[in-house]
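Peer 1: What follows is a structure written as C-alpha cells; I'll ask about it next.
The values are calculated or read from the model by the stated rules, or taken from the named source; none is laboratory data. Predicted, not measured: the structure shown is a model, and the values here were computed from it. Quick reminder, even Gly has a Cβ in these numbers, built from the backbone with ideal geometry, and neighbours come from all protein chains shown. Accessible surface is based on the protein model in full, side chains and every heavy atom, while ligands, DNA and RNA are left aside. Shrake-Rupley method; radii C 1.70, N 1.55, O 1.52, S 1.80 Å.
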Amino acid sequence: MTSPDFFSLLARLPGSYSGPQRPEAAPYAVVGVGEGTLAAQLAEVLPGVTGNLTRSGTQLVLFSPDGQDAARTYAELAEVAGAAVRRISTGGAADEVDVLVPGGALATYHFAQALAYATGHADEAQEAERLLADLASRCGPDSGEDNPARALAWSLWGRAPLLLAAPDAEALPHAWQHLLARVGKTLGIAVLGDPLPFVTGAFEAQHEQGDGRIALLLGDLDPALNVTREVLETRIDEVVHVPVPQPTESAYAGQLALWYFGAWVAAYLAERYKLAGTDLPVLARAQAV
C-alpha cells in the first residue's frame, strides 16, 4: 500500500525547489537522459528553448548517474561547438555536476524548475508553483470526497489506459505512462504521433479489445484530438478528458501541473492495488548496471 511518506512527499513538493534561480546566457538548448528525460521534454514548450545541441549560449544537460556516460558525451559535444554547459543531475561524479537535484520518481519537478529558472523563465516557474500548490490542496489524502486524483485512479483500476495528447503536448502521454508504471505499478499505452490511423484501426479485428478500455486525453484538445475522441467513443468503453487543472497562459506551467496531477493519480492507483508507490528494488539494481 502506498506509504504515508510518499503522499507526504507529494504534498510537500510545491515550492520545494531550492536550486539556483539565476538565468544563464541565451540561446538555450536542453537534452535529458535517465531521470532527466521527462523534464527535458516538458521544458521544450518554454519560449527560446530547443531540444537539441547549441553552438552558443548555454547547453543544459539533465541526467541521473545511470546516464552519466551519455550526458558526458553531450556536454563535450556542446563545449567543442562553443556553448557553455550547465549539468543538472541527481548524482554522479562531483566534478561533472553543476546543480544537484533530488532523485526518484518526483525528480522531474526539480529538473524542470531548474531549467525554467536557468532559461530566464522565473515567471513561468512561479506560475507552475501556483498550480501545483492548488493541486496539493485538492488532491491530498485529507481533501475529502471531491478529490479528483482519487476519483480518476478509481476509474483506472484494473485497466490499461490509452494516453493521448495534442502534438504540442506530446510529452504528457510519455510522462503519464512513466508515472503510472513507476508509481502506480500499472501499464499505460502512450499513443504518439498521428492518432487517427491508430484509433480507427486498432480494434477492428478484435472488437472485444475495446471492452472495458479507457482513454485519457491529456491537456488541451485540438481539432484532430476532438475527432479522435469521437472515433474512440464508438470503439472503447470510456474516454476521459484530463484538462490543465486551472486556466493558465503558460504552457510550461500547465504541463508541469498535469505531470503533478498524474503523480497523485498514480499514487492513489498504487494504494487501490494495495501496493507501495515507491520504487521496486529491481529498479535500483538495473540503474546501477
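Peer 1: Hey, what's segment 171-289 come to in accessible area per residue, 1.4 Å probe, Å²?
Peer 2: Details: 5480 Å² over 119 residues.
Here the per-residue accessible area is 46 Å².
Peer 1: Right, another one. Of the GluC sites (Glu not before Pro) in segment 120-206, which ones lie in a loop per DSSP and count no more than 12 other C-beta atoms within 10 Å? Write down the numbers at each step before the final one.
Peer 2: Numbers: sites: 124, 127, 129, 145, 170, 204; in loops: 145, 170, 204.
Here the GluC sites (Glu not before Pro) that fit, given the DSSP loop and packing criteria, are 145, 204.
Peer 1: A further question on this structure: What would the Debye equation give as log₁₀ I(q)/I(0) for segment 140-199 at q = 0.14, 0.20, 0.22, 0.23 Å⁻¹, counting only Cα atoms as equal point scatterers?
Peer 2: -0.47, -0.83, -0.93, -0.97
Peer 1: What Kirkwood hydrodynamic radius, in Å, does segment 1-79 give when the mean of 1/r is taken over all pairs of distinct Cα atoms and then inverted? Mind showing how you got there, number by number?
Peer 2: On the way: mean 1/r = 0.0701 Å⁻¹.
Across segment 1-79, the inverse of the average 1/r is 14.3 Å.
Peer 1: Quantify how much of the Cα-Cα distance distribution of the chain extends past 37 Å, in percent. List each step's numbers first, then the result.
Peer 2: Details: 5839 of 41616 pairs.
Result: 14 percent of Cα pairs exceed 37 Å.
Peer 1: Once amide H atoms are built 1.01 Å from N in the peptide plane, which residues 5 or more positions from residue 32, or in another chain, come under 5 Å H to H?
Peer 2: 62
Peer 1: Sticking with this structure for a sec: Loop only by DSSP, 13 or fewer other Cβ within 10 Å of the Cβ. Give me the GluC sites (Glu not before Pro) in segment 217-272 that pass, ordered by residue number. Numbers along the way, then the final one.
Peer 2: Details: sites: 230, 233, 238, 249, 271; in loops: 249.
Filter output for segment 217-272: 249.
Peer 1: When the accessible area of segment 153-209 is computed with all protein chains present and a 1.4 Å probe, what percentage of it is carbon and sulfur?
Peer 2: Numbers: 1540 of 2580 Å².
Carbon with sulfur: 60 percent of the solvent-accessible area.
Peer 1: May I pose another question? Whenever you get a sec, line up 37, 54 from highest to lowest accessible area (probe 1.4 Å, protein heavy atoms). If you can, show how the numbers build up before the last one.
Peer 2: On the way: 37 40, 54 20 Å².
So, going from the largest accessible area down, we get 37, 54.
Peer 1: Using alpha carbons only, how many angstrom separate the centre of segment 153-219 from the centre of segment 75-105?
Peer 2: 33
Peer 1: Would you kindly give the portion of the calculated P(r) for segment 45-103 that falls above 12 Å, as a percent of all Cα pairs?
Peer 2: Working: 1079 of 1711 pairs.
In whole percent, the long-distance tail amounts to 63.
Peer 1: Kindly provide the pair-distance distribution of segment 214-289 built from C-alpha pairs, with 5 Å bins from 0 and whole-percent values in order of increasing distance.
Peer 2: The percentages, shortest bin first, are 3, 13, 15, 15, 16, 16, 11, 7, 3, 0.
Peer 1: How big is segment 1-153 on each of its three principal axes, counting only the C-alpha atoms and giving the largest first in Å?
Peer 2: For segment 1-153, the Cα extents along the three principal axes come out at 56, 30, 24 Å.
Peer 1: For q = 0.10, 0.12, 0.13, 0.18 Å⁻¹, what log10 I(q)/I(0) does segment 115-257 give under the Debye formula with an equal point scatterer on each alpha carbon and no solvent?
Peer 2: Log10 of I(q)/I(0), two decimals: -0.38, -0.54, -0.63, -1.12.
Peer 1: At a probe size of 1.4 Å, how large is the accessible area of residue 241, to the nearest 10 Å²?
Peer 2: 60
Peer 1: From the alpha carbon gyration tensor of segment 88-195, can you work out the equivalent ellipsoid semi-axes (sqrt of 5 times each eigenvalue) and give them in Å, largest to smallest?
Peer 2: Values: eigenvalues 147, 73, 51 Å².
For segment 88-195, the ellipsoid semi-axes come out as 27, 19, 16 Å.
Peer 1: I've got another one for you. Just how far, in whole angstrom, is segment 1-66 from segment 258-289 if you go by their alpha carbon centroids?
Peer 2: 20
Peer 1: How much FRET efficiency would the formula 1/(1 + (r/R0)^6) give for residue 133 and residue 79, where r is the Cβ-Cβ distance and R0 is 30 Å, rounded to 0.05?
Peer 2: Values: r = 38 Å, r/R0 = 1.27.
So, using R0 = 30 Å, E works out to roughly 0.20.
Peer 1: Still on this structure: Over segment 16-120, give the accessible area per residue in Å² for a 1.4 Å probe, as an integer.
Peer 2: Numbers: 4130 Å² over 105 residues.
For segment 16-120, the solvent-accessible area averages 39 Å² per residue.
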